[in-house]
Every structure is written in C-alpha cells, then in structure tokens.
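Enquirer: My questions will all concern the structure given below.
The values are calculated or read from the model by the stated rules, or taken from the named source; none is laboratory data. The shown structure was predicted, so the numbers you read here are calculated from the model rather than taken from an experiment. Neighbour counts are summed over all protein chains in view; Cβ atoms, including those assigned to glycine, are modelled from backbone coordinates with ideal geometry. Side chains are part of the model used for accessible areas, which takes the heavy atoms of the whole protein and leaves out ligands, DNA and RNA. Shrake-Rupley method; radii C 1.70, N 1.55, O 1.52, S 1.80 Å.
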Amino acid sequence: MNTTTPIRRFFKTAWFSKAARKAGVDDEALCAAIRQVAIGQADDLGGGVFKKRLKDNQQRSIILAGDGRFWVFVYLFAKKDRGNINDAELAAFRKLASAYRRQNEAALALEIRNGDLQEICHANQSPIQE
C-alpha cells in the first residue's frame, strides 16, 4: 500500500442513516458501493458530487467527495419516486462538497462527535460495528 495516500474514510449523514434504514440499505452495502464509486463506477455529477445506484437499482444515493480523504453519503431517494435531483439541488450538493473539501480534521471530528456524521468503514475494511 502506498503510504503517501491518505486513508479514505466513508461516512453517512444522520439524515441519510435514517433514510437508508427505512429503505433497507445496510452499511455493508454502502461500503461496497462507495468502493465502487472510488474507482469510477458511479455517475460523476461534477464538483465532487456522485450518484450511485443501490439495492438492485431501486434506490439512488448522492455521495460527496471530501478531498480524497473521505466520502459522505448525503441523500437517498427511490427511483420510483423521482428520476433525478434537480439543478438547484445539484448546485447545493456541489457547495456542500466544496465545504467538505475545505474541512480540517478537527471539524470532521466535531461532526462525528455531534452525531452529524456516522462512520461506516475505512478503505479496505469491513463496516464499523457500533
């Protein structure tokens, strides 16, 4: 493993966690999906925003890239309920992705402590057990 590459950490927001639980999408599936996103197997919407299909193509997730150090699942919707996010939502997600890229480790740790972000797993690691 290249030691100069930062360890990637994978998170979900508190809102996403509730939506995923309702949709029956578990952390193991999220870890597998985010590893696919990291190697380019997702729709790149630009500005650090990605769309990834989940649960046998029934669900769509929006994931933000945080400067290569971490990825955050932020939004989930059912394909049957809507086709895609709109332009205003995409613009908002791009702004949020930009904010995550500027975030330092202390700010990230605070979001985790406050419960705003929940860590799912690290690169090459199984889901974190709570």
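Enquirer: Please state the charge dipole magnitude for the chain, taken about the Cα centre, from unit charges on C-beta atoms (+1 on K and R, -1 on D and E), reported in debye and rounded to the nearest 20. Don't skip to the end; give the middle numbers.
Expert: Numbers: 21 positive and 15 negative charges, 55 e Å.
Once rounded to the nearest 20, the dipole reads 260 debye.
Enquirer: By accessible area of protein heavy atoms, probe 1.4 Å, what ranking do Trp15, Trp71 get, highest first? It would help to have the intermediate numbers written out before the result.
Expert: Numbers: Trp15 130, Trp71 25 Å².
Reading off the accessible areas and sorting them downward yields Trp15, Trp71.
Enquirer: Please report the carbon-and-sulfur percent of the accessible area for the chain; probe 1.4 Å, protein heavy atoms only, DNA, RNA and ligands left out. Mind dumping the intermediate values first?
Expert: Numbers: 3660 of 7340 Å².
Carbon and sulfur together cover 50 percent of it.
Enquirer: What number comes out for accessible area per residue over the range 28-129 if the probe is 1.4 Å? Units Å², please. Present the calculation step by step, with values, prior to reporting the outcome.
Expert: Details: 5360 Å² over 102 residues.
Here the residues of the range 28-129 average 53 Å² of exposed surface.
Enquirer: Who wins for biggest fluctuation among Ala38, Ala109, Ala29 in a Gaussian network model of the chain, springs between alpha carbons below 10 Å?
Expert: Ala109
Enquirer: Taking 0.36 nm per residue of sequence separation and subtracting the Cα-Cα distance, how much length would be gained by fully extending the chain between Arg69 and Trp15, in nm to one decimal? Mind dumping the intermediate values first?
Expert: On the way: separation 54, 0.36 × 54 = 19.44 nm, distance 2.14 nm.
Contour length minus Cα-Cα distance gives 17.3 nm.
Enquirer: If you take the square roots of the eigenvalues of the alpha-carbon gyration tensor of the range 55-98 and sort them as a ≥ b ≥ c, do you get rounded (a/c under 1.5), prolate (a/b over b/c) or oblate?
Expert: Working: a/c = 3.89, a/b = 1.45, b/c = 2.67.
Oblate, because a/c is 1.5 or more while a/b does not exceed b/c.
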